[in-house]
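Working notes, structure below.
The values are calculated or read from the model by the stated rules, or taken from the named source; none is laboratory data. On a predicted model such as this, the values are computed, not experimentally measured, just so you know. Every residue, glycine among them, receives a Cβ derived from its backbone with ideal geometry; neighbour counts consider all protein chains shown.
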Amino acid sequence: MTSTQFPLVVDNLSFRYRDRQGAAIHNISFTANPGEVLLIAGASGCGKTTLVRCINGLIPRSYKGEMSGTITVFGEEVKDWKLSQISQKIGTVLQDPERQILGTKVVNEVAFGLENLGMPREEIFPRVDEALNFLKISHLRNRETFNLSGGEKQKVALAGVLAMRPSIVLLDEPLASLDPASAQDTLDAVRLLADQGLSILMVEHRVEDVLRIHPERVMFMSDGEIRYLGDVAGLSKVVNYREVKLPAEDIVERAKLDPAPAEIKILPGVTSSQVGQDALVRFENVAFGYESGVEILHGINLQINRGDVIAVLGPNGAGKTTFVKHAIGLLKPKSGRVFVGERDTTEASVAEIATMLGYVFQSPSHMLFAPTVREELAFGPTNMKHSKEQIELEVKEALKIVNLSEKEKDPPLALSFGQQKRVSIAAILAMRSRILVMDEPTAGQDYQNYMKFMDSILQMPAFEAIMFITHDVDLAAIYANRVLMISDGRLIADGKPQDVLRDFDRLKANRIIPTSLLALNLKRLSTTGRFMRAEALAHI
């Protein structure tokens, strides 16, 4: 195949951001083939997103710095192309759909790119419907984008790209906000697009999920360079299993050769006699709807007790975030009551509730605003009137936990999505609220970072309970001592992980797909008595 026939050729590409030391990527060379899925994996901050920005033209047009090397599309160098020209050949779905969606209604959002090209309406709407049908989201056509869940927004962003009919599609963490079944639907769509001749470059931490659609090649990046580029079979031999999440059986085989991991003491500030004794938060028959007459939550009854580590599972659009926002007072029930401590949330301000509950939003762009990471972290404790010495200590400890100590002087919004997510978590850690609530804490995180900061968070004596919304079944299995399952605004399961997660029929009915780690844990449960991470199972 000649260079003019290759959809994409990247040759000796390097880039350094204007406001940062050192190159983000250097000496990157590869070609993308038609009809290929190329999986790009690697730790957060290793240069994956920078590579995507170079290919889609955002570098150097929107992100400034020093760039060298060439990028050619079907034999033509793209450095002088306009972004509108690039977008017709190269479609991009960003990590954070909040940054991509501009239209108020789904149909308008999917049509946006086509309208910008001046295409006639009679051609636009068939293309819009074709993209919505392809992704199985036609039912969202007339919905307002503001009221969509994070996962639904991700699918709408992809539909907007597909409507443009590009030859190359760049997907930057497309599964980050999706429930497991939606992720599988998206991956099936990606496989179909590749089989129809498109070149797909997919940046993704959920490697095990992507392996199900048999990507033709895998690129593994580290410190801004390509460390491996080849078939899937060779990947597990060259990558660090702590950095890239491989299937559980592969991790077990590799981890057998290493020392057993240390036992994690969960919520050390809570004694065994206190666990489950005190209700920190109570929901009493809570119902809620954003629009009058349309109910999203129906009759939620539960309490969060001291010592609880709760994973909240359920499909996209099930009401999980709406439920959690009631706990922190951002939303007030239409009927029923929520108590934080002994206070009814209708009688307490969000600022008052924040001393009890700290909340990490799903999208970091909803939280981050300060000029530096350090100022971002100091903002909450300063508002809560913590002393100067205390704030200094809280900021340093929070940065250490999320592995960002060297970034304290950087602007938060100049960091990668995964790093931004960790900054938003650190901002809440620094406030030392009694209960930590996180919405998709591991979205955009590599395996090593999310295991490290989850281990650290659960060992912090400041917290009396932790609750996290997640689509990651393994995160629930490893860290939670209680799992809530929400579907269609109703609480349909509440119990220990080994009780809730063993019902595969119920999981699949609620768009949750069992993982290799869950299957392995259930197989060994009679020996272990509890769920464990793969690295620990290797030494049982």
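The residues on offer are Leu484, Leu475, Leu458, Leu525, and the sole one that is free of Cβ contacts under 8 Å to residues at least 60 places away in the same chain and of a type in the set (A, V, I, L, M, F, W, C) is Leu525. Pairing each residue of segment 70-93 that is over 19 Å from Ser14 (Cβ atoms) with any residue that is assigned to a loop (DSSP other than H, G, I, E, B) and small (Gly, Ala, Ser), provided the two are 6+ apart or on different chains, yields C-beta distances under 6 Å for Gly75/Ser3; Leu83/Gly57; Ile86/Gly57; Lys89/Ser167. Is it the case that segment 483-490 has a residue that's at pLDDT 90 or above, outside any loop (DSSP other than H, G, I, E, B) and surrounded by fewer than 20 Cβ atoms within 10 Å (Cβ to Cβ)? Scanning segment 483-490, I find at least one residue that is at pLDDT 90 or above, outside any loop (DSSP other than H, G, I, E, B) and surrounded by fewer than 20 Cβ atoms within 10 Å (Cβ to Cβ), so the answer is yes. Within segment 374-399, the set of residues being free of Cβ contacts under 8 Å to residues at least 12 places away in the same chain, part of a helix (DSSP H, G or I) and over 26 Å from Glu98 (Cβ atoms) comprises Thr382, Lys388, Glu389, Gln390, Glu392, Leu393, Lys396.
A search for C-beta distances below 9 Å between a residue of segment 53-67 that is aromatic (Phe, Trp, Tyr) and any residue that is outside any helix (DSSP H, G or I) and loosely packed, with under 15 Cβ neighbours inside 10 Å, counting only pairs 6+ apart in sequence or on different chains, returns Tyr63/Arg18.
Mind listing whichever residues of segment 60-85 are under 20 Å from Ser29 (Cβ atoms) and touching a Gly at 6+ places or on another chain (Cβ under 7 Å)?
Correct list: Val78 only.
Among the residues of segment 434-476, those that are closer than 29 Å to Cys46 by Cα, surrounded by 23 or more Cβ atoms within 10 Å (Cβ to Cβ) and more than 17 Å from the chain's Cα centre (by Cα) comprise Leu436, Ile457. Of the residues making up segment 125-158, those that are part of a loop (DSSP other than H, G, I, E, B) and touching a residue at least 60 places away in the same chain (Cβ under 8 Å) are Leu148, Ser149.
Scanning segment 1-53 for residues being within 22 Å of Asp209 (Cα to Cα) and among the β-branched types (Val, Ile, Thr) gives a total of 4.
The criterion of at least 3 residues that are of a type in the set (S, T, N, Q) is met, among helices (runs of 4 or more DSSP H) falling completely within segment 13-121, by 83-89.
Those helices (runs of 4 or more DSSP H) of segment 159-268 that lie entirely within it include none in which at least 2 residues are closer than 25 Å to Asn403 by Cα, β-branched (Val, Ile, Thr) and in contact (Cβ under 8 Å) with a residue 24 or more places away in the chain.
Name the residues in segment 401-425 that are modelled with pLDDT of 90 or more and assigned to a helix (DSSP H, G or I), would you? Write out each step before concluding.
Applying the first criterion (modelled with pLDDT of 90 or more) to segment 401-425 yields 404-412, 423.
Once the filter is applied, which keeps residues that are modelled with pLDDT of 90 or more and assigned to a helix (DSSP H, G or I), segment 401-425 yields Ser405, Glu406, Lys407, Pro412, Val423.
Within segment 313-362, the residues that satisfy the criterion of being buried (at least 21 other Cβ atoms within 10 Å of the Cβ) and of a type in the set (Gly, Ala, Ser) are Gly314, Gly317, Ala318, Gly319, Ala327, Gly329, Gly358.
Might you check whether a residue that is touching a residue at least 60 places away in the same chain (Cβ under 8 Å), outside any loop (DSSP other than H, G, I, E, B) and over 20 Å from Glu208 (Cβ atoms) occurs anywhere in segment 504-516?
no
Inside segment 437-482, residues that are charged (D, E, K, R) and either in a helix (DSSP H, G or I) or farther than 21 Å from Leu518 by Cβ (or both) make up a count of 5. I need the full set of residues from segment 353-411 which are out of contact with any helix residue (DSSP H, G or I) (no Cβ under 6 Å at 6 or more places or on another chain), closer than 23 Å to Val340 by Cβ and charged (D, E, K, R), in order please. Once the filter is applied, which keeps residues that are out of contact with any helix residue (DSSP H, G or I) (no Cβ under 6 Å at 6 or more places or on another chain), closer than 23 Å to Val340 by Cβ and charged (D, E, K, R), segment 353-411 yields only Lys385.
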